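Every read-out reported here was derived from the displayed coordinates using simple, explicitly stated rules and does not represent laboratory data. Fair warning: this is a prediction, and the values are worked out from it, not measured in the lab. Positions of Cβ are backbone-derived with ideal geometry, glycine not excepted, and every protein chain shown enters the neighbour counts.
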Amino acid sequence: MDAPNIRFNDGDAYEQGMGRWSRVAGEVFLDWLAPAPGLRWIDVGCGTGAFTELIAQHCAPAEMQGVDPSEAQLVFARDRPGARGAAFQQGDAMALPFSENRFDAAVMALVIFFVPDPAKGVAEMTRVVRPGGTIAAYAWDMLSGGFPFAPIQAGLRAVGIVPPLPPSVDTSRMDAMRDLWARAGLEAVETRVIDVHRSFADFDEFWAMSTMTGSIRPTIAAMTAGDVERLKLSVRAQVTADAQGRITHSARANAVKGRVPGSR
């Protein structure tokens, strides 16, 4: 049995589930980028604006633009108090609606493996960033167990359901990301692993926060009650609770950054 395709049409559910993971990893990512204040940023695949908000909070940007294909996600982003001052619009990562050399930094936060042609997405980021500017991304290490919801995916497979993977999932590998940046002609390419952790009060909270977004929620809704219980048992066996029942779960992302050739 195949699960439904991955869709992000509920901004609030995405924020509660994946958005919180995105911010935890995003803070580490921004510390690694160590950007100067006063830059012009574009957040490609901005979704609910979780990462855009981090830019506003930590980087003193001169300008922030967010682009995403999901209008439902953008509605949430536009109402996010911490991202006030950012402009959000619907758009395609492979055809950004901006002129050349428009920005100082372009980022993709947990997005590149959803872009049908990742090389074209990197080329578009490079096109809209001025010489000497930064192109960077981070993505869950999907193929090596780094996805925050990996226990749910493994549990689904255990009950005979094939969870969908992003269309360009191979791009989540570190060597693939490094190669993309190099082939785009970017300079000073660097990579790093981002390890992050979240704590949950108990298994019920972990389950609720891990099954409310993407394809997981409709997949579980279509399952029989018996299969859902078997899925829960499988997932519970993969996580460890402390004496108080709290669960600390880990995830891992791969990150890459490079510089557009030339000088300002």
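Spacing of the modelled spin labels on Ser263 and Leu165, each 7 Å from Cα toward Cβ, amounts to 4.5 nm. Here the Gaussian network model covers the chain, with springs between Cα atoms less than 10 Å apart; of Glu63, Glu53, Glu124, Glu63 fluctuates the most.
Charge dipole (Cα centre; +1 on Lys/Arg Cβ, -1 on Asp/Glu Cβ; no other charges) of the chain amounts to roughly 340 debye. Modelled spin labels at Asp79 and His197, positioned 7 Å past Cα toward Cβ, are 3.5 nm from each other.
Footprinting exposure proxy ranking of Ile152, Ile220, fewest other C-beta atoms within 10 angstrom first, gives Ile220, Ile152. Computed over the stretch 30-122, relative contact order equals 32 percent, with contacts defined as Cα pairs under 8 Å that lie 6+ residues apart. Note on the stretch 22-127: Kirkwood radius taken over Cα pairs, Stokes-Einstein applied at 37 °C and 0.692 mPa s, translational D equal to 242 µm² s⁻¹.
Computed over the chain, the per-residue total of -39500 (n - 2.57) for DSSP H runs of n ≥ 4 gives a 222 nm mean residue ellipticity of -10000 deg cm²/dmol, rounded to 500.
This ranking places Val107, Val67 by how few other beta-carbon atoms lie within 10 Å of each, fewest first, which gives Val67, Val107. When the alpha carbon gyration tensor of the chain is reduced to an equivalent ellipsoid, its three semi-axes come out at 33, 18, 17 angstrom, largest first. The mean sequence separation of alpha-carbon pairs under 8 Å and at least six residues apart, normalised by the residue count of the stretch 158-264, gives a relative contact order of 49 percent.
Taking the inverse of the mean 1/r over every pair of distinct Cα atoms in the stretch 111-264 gives a Kirkwood hydrodynamic radius of 17.3 Å. On the principal axes of its alpha carbon atoms, the stretch 89-175 extends 50, 23, 20 Å, with the longest extent given first.
Model label sites at Val228 and Asp204, defined 7 Å from Cα along the beta-carbon direction, differ in position by 1.4 nm. Taking every alpha-carbon pair under 8 Å whose residues sit at least 6 apart, the stretch 58-110 reaches a relative contact order of 37 percent.
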